[in-house]
Structures are given as structure tokens and as C-alpha cells.
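This report refers to the structure that appears directly beneath it.
The values are calculated or read from the model by the stated rules, or taken from the named source; none is laboratory data. Keep in mind that this is a model prediction, so the values were computed, not measured. Glycine gets a Cβ as well: all are built from the backbone with ideal geometry, and neighbour counts include every protein chain shown.
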Amino acid sequence: MLDRNRHSFRIRLQGMRLAPLGSPLVPALANESIEPHQRTPNNTGRIGPSPWHRFAYRGSAAPPDTGYVFRRTDLGGFEIPATVESVAHCSYATTLMRTGVMLSTVEHLLSALRGCGVDNAYVEVDNLEVPIMDGSAEAFAEMIESAGLVDQPTARRVLLVREKVSAVSGNRSISIEPADAYEIDCVIDFPHPLIGVQHRSVTLGNGSFAREIASARTFGFIEEVEALRRANLIRGGSLDNAIVLTRDGMLNETGLRWSDEFVRHKILDIIGDLALLGMPLLGRVKAERSGHLLHAALMASLLRNRAAWEIVDLPASIGARAPALA
Ligand SMILES: [Zn+2]
């Protein structure tokens with residue numbers, strides 16, 4: 001959360017183009033979950049620089065079953081796969097690390113990749129942080145859309161949830177259970193006049209991510225902002241990168257994008273963190289007051305419990321069991 005963008009950035013998606021010539025280009029944000037084939041960015045799409053970040057993106061394809069792989073171009077293309085095993089810590093944001101090389105604040109970009117139906121991508125980053133942009137995933141979703149997506153000649157693989165798995169910490173919890181689509185049901189409860197109890201459910205697919213989730217911004221309380229500023233963890237510009245809450249209102253003059261923008265952003269974070277599982281889910285996530293730490297705990301216990309899930313090719317798995325994805 002908040003402004004970590006004190007450097008210039010260059011990010012691009014890159015990889016080998018394996019899709020056969022003549023493979024149909026598909027709109028990035030439509031019907032992503034019903035697509036039975038894996039998808040990857042179609043060659044070059046680019047935005048930037050934005051007003052507040054020098055930032056560029058270029059996309060092409062990655063081979064089937066690659067998942068998401070970050071490449072630190074400032075370190076000779078050192079690769080950090082976006083997997084549960086790569087999670088280093090996850091307090092204010094999710095940070096990945098491999099053999100001492102870190103990449104932080106990955107969750108909003110990962111959320112856009114998963115939410116927009118990308119299965120495989122190389123993501124080149126020339127810094128140790130993914131830029132926070134406006135605190136939402138909107139810019140990343142637009143970048144993915146501008147690059148377009150292409151079908152790959154490989155069945156989409158999904159993680160099918162067979163048994164309920166939970167992670168609980170005090171009054172915070174998150175669980176995942178069998179369902180016929182990738183659903184997220186989220187409740188947050190903050191004692192603040194703009195928030196209170198907010199509850200929202202989303203089923204990923206048919207452009208729901210771009211429509212309902214991508215533009216929801218992260219948020220923080222002004223006390224946290226001041227503490228982070230004192231700790232030199234943020235510098236300036238936080239109103240451009242987050243909703244900043246005061247005791248009974250917000251500092252941003254532009255207002256909220258939705259009255260329940262807060263719970264929408266929590267769903268955005270859940271999608272981004274659970275993207276570290278490496279493939280779309282067939283399951284229902286129920287979250288109450290959850291955060292990055294609990295999301296990581298859920299993924300760890302899910303992966304440990306081998307009876308709770310299996311990986312299946314989508315065309316073989318659908319039918320009566322998954323009508324929403326058929
Ligand atoms: Zn977030």
C-alpha cells in the first residue's frame with residue numbers, strides 16, 4: 001500500500017510466442033473463465049510513462065504451463081517465479097524472493113493477470129518493487145488489455161478444490177471450499193464512518209474483474225501513513241496511491257469510486273495473492289477481515305493437504321461439475 005515509487009520503473013511482459021499463426025486473438029477482458037485454452041499476452045502492448053511514474057510495459061507470450069515468472073532486468077533477467085514458495089513476507093504488501101533477490105508489491109499486478117484471464121506471462125521489472133500506480137489494478141488491467149491475449153494450444157489447467165480448507169487468526173479468517181466457479185465472498189469490518197461492515201461476492205469471469213474490482217484502490221489510515229513516512233517507508237504523493245482515511249472522513253478530494261470500494265479492494269488483494277497458486281481456482285473463497293498474512297497461511301495449508309485439491313485440465317473437468325465454466 002501507499003507510495004513506494006521513488007524510482008523509475010520499467011515493466012514488460014515477454015516470452016516465447018508459441019501460439020500457432022492464425023490463432024484467434026481474443027479480447028483480454030471478456031469471457032476469460034469460460035475459455036478452455038490457456039492464454040498469454042499477445043506480443044507487444046505498451047503504456048507509459050504515466051504522470052506519476054516513468055513506467056512501461058510490453059507484452060508477448062510465455063509457453064503453456066509457465067504461469068507467471070518475474071524477471072529482474074536490472075539483475076540480468078534474474079527470474080522469480082510467482083509461486084507460494086517464493087513468498088518472503090507479506091505485511092503491508094506481498095514480497096517475493098528467490099536466493100536473496102526480492103520483488104515487492106506484486107499483488108495488484110498478479111490480481112490483474114489472474115482477473116483478466118492470463119495464464120502464462122513473463123513480467124519484466126527493472127526494480128525491486130512493482131509500482132503502486134493509483135493503488136488499484138486498473139492500469140495493469142488496461143495494459144493487459146492493450147497487449148491483447150492469444151489462445152494457446154493447451155488446455156487450461158485449474159486447481160479444483162475438493163475439501164474445505166481454512167486459516168484463522170483471532171476474528172480473522174479465510175477459507176476455500178468446493179464450487180463450480182472461482183468465487184470470492186468477502187466481509188470487512190472497520191470502525192470508520194466510510195467503511196463499517198462491507199460484504200461483497202464476485203464470481204470471476206465474463207469481465208467481472210475489470211468491471212467490479214480492478215479500479216478499487218488500497219486504503220490506509222492517516223496514522224499509518226504518518227508512521228510509514230516517519231519510518232521512511234513512503235515518501236510523498238500518498239494521496240495519488242491510496243485512499244487515505246482520517247478519523248471521520250478521507251483526505252482525497254476525488255471521493256470514492258464506489259461506496260464499497262474498500263471491500264472491492266480486499267477482493268482484489270485476495271485474487272492477487274491466490275494467483276501465487278499458479279492457476280485459476282475452481283472453488284469458493286470466503287474471507288472475513290483477512291489480509292496478506294492469512295492469505296499466505298491459507299495457500300500453505302491448502303497445498304499441504306493433498307486430499308483437498310487436484311489439478312485438472314478444464315475441458316475434462318467441466319460438464320455437470322462446473323456448469324459456470326462450461
Ligand atoms: Zn492491495
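Quick notes on this one:
- For segment 252-264, the candidate set comprises residues that are more than 11 Å from the ligand (Cβ to nearest atom) and not acidic (Asp, Glu); within that set, the residue that is nearest to Arg284 (Cα to Cα) is Val263.
- Residue within segment 230-252 that is in contact with a strand residue (DSSP E or B) (Cβ under 6 Å, 6 or more places away or on another chain) and within 22 Å of Val84 (Cβ to Cβ) present: no
- Subset of segment 265-277 that is touching a Phe, Trp or Tyr at 6+ places or on another chain (Cβ under 8 Å) and over 15 Å from Ser175 (Cα atoms) - its residue that is farthest from the ligand (Cβ to nearest atom): Ala275
- Within segment 277-326, restricting attention to residues that are surrounded by 22 or more Cβ atoms within 10 Å (Cβ to Cβ) and modelled with pLDDT under 90, the residue that is farthest from Asn206 (Cα to Cα) is Leu314.
- Qualifying residue in segment 101-118 (condition: part of a strand (DSSP E or B), in contact with an Asp or Glu (Cβ under 8 Å, 6 or more places away or on another chain) and either more than 14 Å from the ligand (Cβ to nearest atom) or of a type in the set (A, V, I, L, M) (or both)): yes
- Only listed residue being at pLDDT 95 or above, surrounded by fewer than 18 Cβ atoms within 10 Å (Cβ to Cβ) and closer than 30 Å to Ser238 by Cβ, chosen from Ser146, Ser169: Ser169
- Test for Phe209: is it of a type in the set (Phe, Trp, Tyr) and either under 30 Å from Leu75 (Cβ atoms) or surrounded by fewer than 19 Cβ atoms within 10 Å (Cβ to Cβ) (or both): no
- Of the residues making up segment 70-98, just one is in a helix (DSSP H, G or I), closer than 19 Å to Ile270 by Cβ and polar (S, T, N, Q), namely Ser86.
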